[in-house]
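Have a look at the structure below, then the notes.
The values are calculated or read from the model by the stated rules, or taken from the named source; none is laboratory data. Keep in mind that this is a model prediction, so the values were computed, not measured. Cβ coordinates were reconstructed from backbone atoms using ideal geometry, including for glycine residues, and neighbour counts include every protein chain displayed.
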Amino acid sequence: MITCITFDLDGTLVDTAREIAEAANRTLQEIGLPRRDTADVTQLIGHGTRELMMGLLRQAAHDADDHLRHWIDQLDCEAVMQCFEQHYSDTTGTDSQLYPGVQVGLDQLTQAGIHMACVTNKELRFATRVLEVTGLSTYFPIVIGGDSLPQKKPDPSVIQYCLDALNVDQLNAAHVGDSSIDVETAKRAGVAAWALPYGYNGGRPIQDAQPDHVFQTLADVACHVLALRLAA
């Protein structure tokens, strides 16, 4: 019986691609590079903001001539990240949209007494703001960001931290996400790996990551958990 569920944030609970892309594109413009399509940015979401910006710089270098490519290679990565964080501070929460079924599903799980935590690779300060803006913060007494612990997803310690804090056994827990990173993290942590098909995952079908179960909405996740409880 499932008594605890950890959730990814971006692409699972909330669609944040446009506001992330806007911050990334403002950064590219400020350092003298052309904007990228939102789809290019979206494919890089999931590993954290540093990996996202470094991926965009690699894309820009791939499309550049030799002179510009050399210039990109010499960029100060820390300065680029400081620039991004300033822009992302401005855009975080400005275009965060709940996916269908999220509110209903979280309400049902809360009423059923399911322990819940949010585990994301987004920096904690940004994750907290998105949760507050979308009205989700009250559902998650524990929020783990990409900078909260020494490791981040797909390291299983981030899920284990939540289980230890909530005093829940691995066999009674599941992790819900939208990407292969989430599936890998769940399997390494020894919890059920549940996935939703509408998120980012680098543009690849989530089925390719071989989760234990794919649900169409978070409301379907709640129905499944409640059915398991009734069956027990």
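At pLDDT 95 or above, among the small types (G, A, S), within 15 Å of the chain's Cα centre (by Cα) and crowded, with 17+ Cβ neighbours inside 10 Å - does that describe any residue in segment 161-178? Yes, because at least one residue in segment 161-178 is at pLDDT 95 or above, among the small types (G, A, S), within 15 Å of the chain's Cα centre (by Cα) and crowded, with 17+ Cβ neighbours inside 10 Å.
Listed conditions (1) touching a strand residue (DSSP E or B) at 6+ places or on another chain (Cβ under 7 Å); (2) surrounded by fewer than 18 Cβ atoms within 10 Å (Cβ to Cβ) are all met by D15, apart from (2).
Which residues, counting only those in segment 185-201, are assigned to a helix (DSSP H, G or I), within 17 Å of M116 (Cα to Cα) and more than 14 Å from the chain's Cα centre (by Cα)? The answer is A189, and nothing else.
Only residues that are modelled with pLDDT under 85 and either crowded, with 17+ Cβ neighbours inside 10 Å or not in a helix (DSSP H, G or I) (or both) were counted in segment 51-71, giving 2. A single entry from Q111, Q160 fulfils the requirement of being of a type outside the set (D, E, K, R), out of contact with any His (no Cβ under 9 Å at 6 or more places or on another chain) and free of Cβ contacts under 8 Å to residues at least 24 places away in the same chain: Q111. Report, by residue number, each residue of segment 195-214 that is closer than 21 Å to T3 by Cβ and either without any contact (Cβ under 8 Å) to a residue 60 or more places away in the chain or in contact with a Cys (Cβ under 9 Å, 6 or more places away or on another chain) (or both). Passing the criteria: A195, P211, D212, H213.
Between a residue in segment 130-156 that is over 22 Å from L109 (Cβ atoms) and in contact (Cβ under 8 Å) with a residue 60 or more places away in the chain and any residue that is crowded, with 22+ Cβ neighbours inside 10 Å and small (G, A, S), which pairs come within a Cβ distance under 6 Å, given they are 6 or more apart or on different chains? Short answer, once both residue conditions are applied: K152/G146. Scan segment 99-106 and give yes if some residue there is surrounded by 23 or more Cβ atoms within 10 Å (Cβ to Cβ) and either not assigned by TED's automatic domain parsing to the domain that holds C223 or not in a helix (DSSP H, G or I) (or both), otherwise no. Within segment 99-106, none of the residues are surrounded by 23 or more Cβ atoms within 10 Å (Cβ to Cβ) and either not assigned by TED's automatic domain parsing to the domain that holds C223 or not in a helix (DSSP H, G or I) (or both). Taken over segment 23-50, the criterion of being surrounded by fewer than 22 Cβ atoms within 10 Å (Cβ to Cβ) and closer than 20 Å to L124 by Cβ is satisfied by H47, G48, R50.
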